[in-house]
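See below for the structure under consideration.
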Amino acid sequence: MIFPALYNGPVQYYAWLVREEEIILEQFDSYIKQTYRNRCRISGANGALTLSIPVKRVRGRKTLFRDIRIDYDMPWHKVHWKSLVAAYAASPFFEYFMHDLAGFYEKKFEFLVELNRGLLETTFQALGVSIPVKMSEEFQAISGNRDPRQFLHPKLDPREADPAFSVIPYHQVFEEKHGFQSNLSILDLLFNEGPGSLSLLKNSLKI
């Protein structure tokens with residue numbers, strides 16, 4: 001399988017990834033707005049919160065994902081980190097993982113694909129898995145609705161778009177206030193479940 005390179009992708013994404021022996025991330029597809037490539041969803045005090053990365057692209061022209069540059073004119077990286085701290089400082093495992101993640105919000109990455117790949121490899125380490133991550137060398141056509149590049153999308157209900165994926169509830173910081181919120185960023189799972197995250201991911205996919 002070829003996987004999209006997502007920004008702190010959702011639980012559904014990682015449920016598929018941890019089954020692989022090697023990950024190939026697509027970098028030659030055309031960049032499309034409003035996908036998980038530059039946004040993730042976390043749980044905050046006021047409910048689900050979307051964190052979006054502004055990018056630079058030429059209007060009216062298709063741009064390959066590998067060429068998408070991050071826009072730091074606005075300090076989005078500081079806003080994202082402050083949001084993560086506010087949302088998860090009280091979670092059981094935030095302090096355990098925060099130091100490995102903080103650097104991604106201090107350094108300025110030129111390309112979005114570099115940031116996403118680095119975060120993916122760091123979250124793999126946090127999960128305790130060792131899976132090589134490589135970038136695609138050319139574009140491969142999407143093979144129907146069972147291709148991860150097709151069904152991993154914030155506007156799709158994962159239970160309908162991906163029948164193999166099952167939502168398994170786990171403890172969340174603001175669960176008593178907002179109820180369980182499914183398919184949030186992998187960071188939500190890691191900060192709340194820590195070492196138990198990998199087992200939950202493996203049990204979330206029935207294939």
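Residue check: is Glu176 loosely packed, with under 14 Cβ neighbours inside 10 Å and over 20 Å from Phe94 (Cα atoms)? Judged against the criteria, Glu176 is not a match. Within this structure, Leu189 passes the test of being aliphatic (A, V, I, L, M), in a helix (DSSP H, G or I) and within 18 Å of Leu51 (Cα to Cα).
Scanning segment 107-144 for residues that are assigned to a helix (DSSP H, G or I) and open to solvent by 80 Å² or more (accessible area, probe 1.4 Å) turns up Glu114, Gln125.
Here is a yes/no grid of residues against (1) of a type in the set (D, E, K, R); (2) part of a strand (DSSP E or B); (3) under 25 Å from Ser83 (Cα atoms):
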| position | (1), (2), (3) |
| --- | --- |
| Phe3 | no, yes, no |
| Tyr13 | no, no, yes |
| Phe28 | no, no, no |
| Lys33 | yes, no, yes |
| Tyr36 | no, no, yes |
| Ser43 | no, yes, yes |
| Leu51 | no, yes, yes |
| Arg59 | yes, no, no |
| Lys62 | yes, no, no |
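Taking Tyr7, is it under 18 Å from the mean Cα position of the chain (by Cα) and either free of Cβ contacts under 8 Å to residues at least 60 places away in the same chain or in a loop (DSSP other than H, G, I, E, B) (or both)? Spelling it out, Tyr7 is indeed under 18 Å from the mean Cα position of the chain (by Cα) and either free of Cβ contacts under 8 Å to residues at least 60 places away in the same chain or in a loop (DSSP other than H, G, I, E, B) (or both).
The set of residues from segment 192-203 being crowded, with 16+ Cβ neighbours inside 10 Å and either of a type in the set (S, T, N, Q) or under 14 Å from the mean Cα position of the chain (by Cα) (or both) comprises Asn192, Ser197, Leu201. So in segment 53-79, with the set limited to residues that are charged (D, E, K, R) and surrounded by 13 or more Cβ atoms within 10 Å (Cβ to Cβ), which one is modelled with the lowest pLDDT? Ranking the qualifying residues of segment 53-79, first place goes to Arg57. Residue count for segment 161-175 under the criterion of being out of contact with any Pro (no Cβ under 6 Å at 6 or more places or on another chain) and closer than 21 Å to Arg19 by Cα: the result is 9.
When segment 145-161 is filtered for residues that are touching a residue at least 40 places away in the same chain (Cβ under 8 Å) and open to solvent by less than 90 Å² (accessible area, probe 1.4 Å), the ones remaining, listed by number, are Asp147, Pro148, Arg149, Leu152, His153, Pro154, Pro158. I'm told Glu26 meets every condition in (1) over 22 Å from Glu137 (Cα atoms); (2) touching a Pro at 6+ places or on another chain (Cβ under 7 Å) except one. Can you identify the failing condition by its number? For Glu26, the exception is condition (1).
Given the criteria open to solvent by 10 Å² or more (accessible area, probe 1.4 Å), part of a strand (DSSP E or B) and closer than 27 Å to Leu200 by Cα, does Ala90 qualify? When the stated conditions are applied, Ala90 does not pass them.
Can we say His99 is part of a helix (DSSP H, G or I) and under 14 Å from Ile53 (Cβ atoms)? It is false that His99 is part of a helix (DSSP H, G or I) and under 14 Å from Ile53 (Cβ atoms).
Yes or no, residue by residue, for (1) over 20 Å from Arg39 (Cβ atoms); (2) touching a residue at least 40 places away in the same chain (Cβ under 8 Å); (3) under 18 Å from the mean Cα position of the chain (by Cα):
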site: Ala141; (1), (2), (3): yes, no, no
site: Ser166; (1), (2), (3): yes, yes, yes
site: Lys177; (1), (2), (3): yes, yes, no
site: Ser185; (1), (2), (3): no, yes, yes
site: Leu189; (1), (2), (3): no, yes, yes
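The values are calculated or read from the model by the stated rules, or taken from the named source; none is laboratory data. Here the structure is a predicted model, which means the values were calculated and not measured. Don't worry about glycine lacking a Cβ; one is built from the backbone with ideal geometry, like all the others, and counts go over all protein chains shown. SASA here: full protein model, heavy atoms, side chains in, ligands and nucleic acids out. Shrake-Rupley method; radii C 1.70, N 1.55, O 1.52, S 1.80 Å.
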